[in-house]
Structures are given as C-alpha cells and as structure tokens.
Amino acid sequence: MNRAVRFDDIRALAVSHIDLAGVARVRVLPHRRLLSASTHGVTISNSVGFLFSVDDHLSRTPALDPVVGDVRGIADISSMALLDAESGLAWAPADLYALDGTVHPACTRSALRRVVDDAQDARLTFSVGFELECTVFRAPVPAAWGAAGTDEVGETMRYLPATSGPASSTRALIEVEAFGLGALAALEFAGVPVEQFHPASGDGRLEFALAPRDALTAVDDLALARVVLTRVAQAHGLRISFAPVPIVGEATNGCHVHLSARREGRNVLAEPAPRGRHGLGVDGGRMVAGILDRLDDGIALLGGSVLSFARLRPASWSGAAVCWGPGNRETAVRFVPGQAGMAAEQANLEIRPADGAANPYLAVAAILAAALDGITREAVPPKPVTVDPGTLTAAQRRARGIRSLPADLGTALDRLASSGFHRRVLGDVLVDAYVATRRNEWEAFGGLAPEAVAEAVRFRY
Ligand code: GLU
Ligand code: MG
C-alpha cells in the first residue's frame, strides 16, 4: 500500500471486500466521507456481503437471509492505497461487521486475521507471496476467432488473446509491452511490490510474482493488484481475466500461494542436510503434512468454482496430485529449497492448486491453519515425490500415498461441508454460507460444457 497517501489527494474511496464467490464487491464514498468510512463504514446487504454467487444469484443459509439484514463494511484505512494521482480514486479493503458492532462471523478477512493471531500465539510468523496469473485479451471484435463472449446486447463477440507466444519470450512481451510496463508502474505506485512479471505459456497469459509479506497484507496486495491490473488493462483497451480457465484448451491460470514461517526470526522451512529432508526443516515437514492432510476436505476453499476443477488436471502444473516434492511442479505442495547459502531467507512452500476464483482470504486462512495444525500435531509428512506423478502407474501412486483431489465442485463442497477441521477454524456460519454460495454455482454451471462456463465467468473475477 502506498501509505504516504495524503488525504487531500483522495477524491473518492472504493471500499471493497471479496465475497464468498470470489468476486470483489465495492461501495464508493466521496472525499467528505473518508473518515466515517473507517469508523461507521458503509451499509452492505447480506446478499452483497456473502450470498451472491458469481452470476449474482442468491443463496440463503440458516444464519443469513438474502433479503432481510445488513452488515457494515468498515474500511481498513491502514491498508488504503491511492490508485493514481490523476483520478484521485483510492481503494481500501473492508472488514465486515454485524450491526451490533462485533466482527461478522462470515467476514473472511477477519477469519484470516484470527488464524494469523493463532500462529502468533504459537510464536510463528507466516510470510505469504502470490503468483498472480491472468489472461489478457484485445478489445472484443464481432465474429472472427478467439474465445467467445457475450456483450451487453447479447451479440456474440470474440475476444482475441493479446499474445500468441512463445512462452516466456521477448516476442510475447513486446505484444503487451505497453500494458506490462504500465502495470508495473501502477502496481509500484499503489505500493504493491512486484518481484517480476513475464509472458507465461498459453496465449494471452501473463504472470506477476508478488513479493512475500505478512499474510494479511499479502492478500490485501493481491486484491489491490487485481484492481490495478484491471484498470491498466482497460486504459490500454484490453480486457483481463483471472478465471482459472479463461480459454478452454489453453494453459490455465493458477494463483499459487508461497508460504514460509519464522520462529524467533528463523525460517522453520530451512534446515541444512543431513537433518533436514532435502533441506526441509522438521517443522517445515509438519507444515507440509498438515497442508496435505486437509487438502482434500479444503480444496473447495482454494478455488471453489466449476472451472477450478477443470484446471486441476495432471500435466498442467496445477499441482493436482496430493503429495509434495522438492522443486516438483506437478505436486500440490512444491518445496522450494532456495539457492545454496540462501535457504534461510528463501526456503518456502508453494501451494499450487489455488486459483483466482477463490476468496484469497479464506484460501490462505485454510492453508495457514492446516500448516499450523500440522506443527501442533507433529504430523509426519509422506515421502517426497521426486518424479512427475503422472509417469507413475496407479499402483505406484497408491503405494506412495499419492491421491487425486475431488473431481468436481459438487464433491469438493460435500467434503468441506462435513469437515470438522474447517468448521472449527472458520466457524459454521462462514462454512455454511460459503458452501451455499458455491453450491449455487455448481447447480447453475456444473452441467454446462466448460466453454459455456468460461464464457459466463471470464470477466467476473
Ligand atoms: N498455469 C499453471 C497453473 O494453472 C502454472 C504454471 C506455472 O507454474 O507458472 O497452475
Ligand atoms: Mg508460475
């Protein structure tokens, strides 16, 4: 966040929260309401707070009615960012409060804060960084080629990817150079530290690596980065998608979560051989075990859209195999040991199944809680997998304890709904509202062809 923002530079404040469908919702306040944004906040209906699906259909749960009831969205001014000097538009993440002034049990940002506090009680400080993957399209043209979409008058339009490869090439960079450089400058201006960006494999795809931060700031940064990237794309006449499968048959968009943990300043993931397993510290191994143990039940929190499960396939580097391995891009948890001599600073875990359809506060809360639980239980990790699990036979995978994730959103939601662990960590109100919201999406889109789902949700995250 560009914390040096002067109040006088702000013309309006966008108070935004990410809802349970993974959509960033917003209320915009004029300058004179800036102070009250962080005290009284803004009125938000239960529906906008928690109950809209990605297609704006409403769910209902025992604790939350879509029609009757409001919450307050209180802007966290300490995390505010000015988006650009010319417009004077600022952005701030909101915490959702009940009308009696208590934190709302379905506020996802507060849920993450609680997990971070639990970690502090265990003398652990997590650092989180994201790989933000997206697909950039040129302005829509009628007919021609490209991914189909529908404009506001219902005419079929075509969206052409803005790059055509090769992966990681200077040619692809040059196709989106003005956007890319504009994005870098705008992210820096907004106070989002970027380590690097590159044209990824697959038409139109770019990846921005966001620097590690404390967990809450990292997720705020991710939410802010998506707003910034969407604005810069629009300013360049482009459209951007963070959907897991923006174009069926093309490479997919993940949103990998990088995670490390420090106790008394020491990175618990790094431990020099021979004690460490492949350089992974004892508590690091427990974190791996904790994350893997809860992954099948919690996968709906890491993406949770119909397309998330179209992405989680072998040979896509999405980490669809429930196992871990040093440097292994086909495992759900990749251990990144870091360069020789730099392990203490660099060693981290990459949780690959996460994607841009998630509510990232919930995704990170679920991952950190599982890691913390692994440490508390002194959980034992399985043996590392050092080959592509897709090259093993089914029997070999079974022998090594390698599982596949639930195959679709419906199954994943059943697992989450009956997960005592996630109910304990997140609370029943939040889990029930999340499952209801995503179940709505499953009912609306689960029976459609992936192309139709991609068309419906491509530009909604
Ligand atoms: N696009 C891949 C995914 O869906 C990840 C590719 C990469 O490792 O950068 O997760
Ligand atoms: Mg990557």
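The values are calculated or read from the model by the stated rules, or taken from the named source; none is laboratory data. No experiment lies behind these values; they were computed from the predicted model shown. Positions of Cβ are backbone-derived with ideal geometry, glycine not excepted, and every protein chain shown enters the neighbour counts. Each accessible area value is taken on the protein alone, full model and side chains, heavy atoms only, with ligands, DNA and RNA left out. Shrake-Rupley method; radii C 1.70, N 1.55, O 1.52, S 1.80 Å.
Thr230 contributes an accessible area of around 60 Å² to the protein surface, as traced by a 1.4 Å probe with all chains present.
Figure note: Glu207, Glu250, Glu451, Glu443 ranked by solvent-accessible area, largest first, 1.4 Å probe, ligands and nucleic acids not counted: Glu443, Glu451, Glu250, Glu207. Residues whose amide H falls under 5 Å from that of Ala167, counting only those 5 or more places apart or on a different chain, are Gly202, with hydrogens built in the peptide plane. Residue-normalised convex hull volume from the C-alpha trace of region 20-83: 111 Å³ per residue.
Counting every alpha-carbon pair across region 346-461, the share separated by more than 20 Å comes to 57%. With semi-axes defined as the square roots of five times the eigenvalues of the C-alpha gyration tensor, the equivalent ellipsoid of region 283-438 measures 24, 19, 14 Å, largest first. Derived from the Cα gyration tensor, the three semi-axes of the equivalent ellipsoid of region 38-138 are 24, 22, 18 Å, largest first. For region 319-402, the antiparallel share of DSSP beta bridges with both residues in that region comes to about 50%. Find the centroid of the Cα atoms in region 345-409 and in region 6-68, then give the distance between the two in whole Å. What the calculation gives is 33 Å, centre to centre.
Along region 21-38 the Karplus relation, 6.51 cos²θ - 1.76 cosθ + 1.60 evaluated at θ = phi - 60°, assigns HN-Hα couplings of 8, x, 9, 7, 9, 8, 10, 10, 10, x, 3, 5, 9, 4, 5, 6, 4, 9 Hz to successive residues, with x for each Gly and Pro. The 1.4 Å probe gives accessible areas that order Ser59, Ser87, largest first, as Ser87, Ser59. Calculated [222 nm] ellipticity per residue, helices only, for the chain: -10500 deg cm²/dmol; basis is -39500 (n - 2.57) per DSSP H run with n ≥ 4, divided by all residues, nearest 500. Normalising the Debye intensity of the chain to I(0), with uniform scatterers on Cα atoms only, and taking log10 at q = 0.12, 0.13 Å⁻¹ returns -1.05, -1.25.
Each residue of region 281-286 was assigned a 3J(HN,Hα) from its phi angle through the Karplus expression (A = 6.51, B = -1.76, C = 1.60, θ = phi - 60°), giving x, 4, 5, x, x, 5 Hz with x at Gly and Pro. Considering only Cα atoms, the convex hull volume of region 217-367 works out to 127 Å³ per residue. If only the Cβ of Lys and Arg carry +1 and only the Cβ of Asp and Glu carry -1, the dipole of the chain around its Cα centre is close to 860 debye. Our coupling estimate for region 217-229, obtained by passing each phi through the Karplus curve with A = 6.51, B = -1.76, C = 1.60 and θ = phi - 60°, is 4, 4, 6, 4, 4, 4, 4, 5, 4, 5, 5, 4, 5 Hz, Gly and Pro reported as x. Accessible surface comparison of Val54, Val141, probe 1.4 Å, protein chains only, largest first: the order is Val141, Val54. Amide H contacts of Ala321 (H built 1.01 Å from N, in plane; Pro and chain starts excluded): Ala332 sit under 5 Å, all sequence-distant by 5 or more or on other chains.
Tell me, what is the Rg over Rh of region 70-220, with Rh the Kirkwood radius over Cα pairs?
1.07
How long are the three semi-axes of the equivalent ellipsoid of region 343-405, in whole Å, if each is the root of 5 times an eigenvalue of the C-alpha gyration tensor, listed from largest down? All intermediate terms of the calculation are to be shown ahead of the outcome.
Details: eigenvalues 118, 58, 38 Å².
Each semi-axis is the square root of five times an eigenvalue, giving 24, 17, 14 Å.
Express the accessible area of the chain per residue in Å², computed with a 1.4 Å probe while the remaining protein chains stay in the model.
Using a 1.4 Å probe on heavy atoms only, each residue of the chain averages 40 Å².
Here's the picture: charge each Lys and Arg Cβ at +1 and each Asp and Glu Cβ at -1 in the chain, and of Gly390, Val227, Gly202 the one pushed furthest to the positive end of that dipole is Gly390. Share of carbon and sulfur in the accessible area of the chain stands at 54%, probe radius 1.4 Å.
A DSSP coil position with no more than 10 other Cβ atoms inside 10 Å describes none of the chymotrypsin sites (Phe, Trp or Tyr not before Pro) in region 291-350.
In a simple Cβ point-charge model (Lys, Arg +1; Asp, Glu -1; nothing else charged), region 194-352 has a dipole of about 80 debye relative to its Cα centre.
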